[in-house]
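First comes the structure, then the notes that go with it.
What follows draws every value from the coordinates through simple rules; no lab data is involved. These figures come from a predicted structure and were not determined experimentally. No Cβ is skipped: glycine too gets one built from the backbone with ideal geometry, and neighbour counts run over all protein chains shown.
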Amino acid sequence: MQAQDVALFQAALGLTEPWQVISVEFDPATKRLDLRIDFPRGATFCCPECDLAGLKARDTEEKTWRHLDFFQHQAFLTARVPRVDCPLHKVRQVALPWARERSGFTLLFEALVMAMVSEMPVKAVAELVGEYDKRVRGRGSRSRDGAGVLAGLS
């Protein structure tokens, strides 16, 4: 993809510094769009517990999240997720603007699925979004009120 395509997705995702889209891969055969997000070397982050700023990444773990579909194509975000060393709270994973900790779905995808689950059975929602119903339902939830929905762990 070209630089303007990357810039388009950067703007569409609403990413702010230090986060940036670094690559976009589209595979029409598998109906899949992959967006790679990263941060520049030397970037600093805040502690997710106390918001202490200026903390450098201690280490990272690569994770992938299911995002809202791009037309009829499934979309995924992949990023190195940093952990920081806070003097008060020790080692913590930084808060991400697009996903909750330990979720395999973006916040926007979760919101869509939760709205759908409040109106229709989980199995039907899972089929519509192309996920397994166990990932959509969550552990131990049989309700249609959204509680326990979205167990998509990455």
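Can you tell which of Ala29, Ala95, Ala75 shows the greatest fluctuation in a Gaussian network model of the chain with Cα springs below 10 Å?
Greatest mean-square fluctuation among the candidates belongs to Ala29.
Just in segment 8-111: which chymotrypsin sites (Phe, Trp or Tyr not before Pro) are loop by DSSP and have at most 12 other Cβ atoms within 10 Å?
Loop-located and lightly packed - Phe71.
Just to be sure I understand the model, the point goes 7 Å from the Cα along the line to the Cβ. What's the resulting Phe26 to Ala43 distance in nm?
2.4 nm
Based solely on its DSSP helices, what 222 nm [θ] is calculated for the chain when runs of n ≥ 4 H residues each add -39,500 (n - 2.57) and the sum is averaged over all residues, nearest 500 deg cm²/dmol?
-6500 deg cm²/dmol
Please report Leu13, Leu8 as a ranked list, fewest other C-beta atoms within 10 angstrom at the top and most at the bottom.
If I rank by nearby Cβ atoms, fewest first, I get Leu8, Leu13.
Would you count, across the chain, every pair of lysines whose alpha carbons are under 30 angstrom apart, provided the pair is eight or more residues apart or spans two chains? Can you show the working numbers first?
Details: Lys31/Lys63; Lys31/Lys123; Lys31/Lys134; Lys56/Lys90; Lys63/Lys90; Lys63/Lys123; Lys63/Lys134; Lys123/Lys134.
Lysine pairs meeting both conditions in the chain amount to 8.
Mark the label point 7 Å from the Cα of Leu128 along Cα→Cβ and return the residues of segment 86-112 whose backbone N is within less than 17 Å of it.
Hits in segment 86-112 for Leu128 at 17 Å: 108-112.
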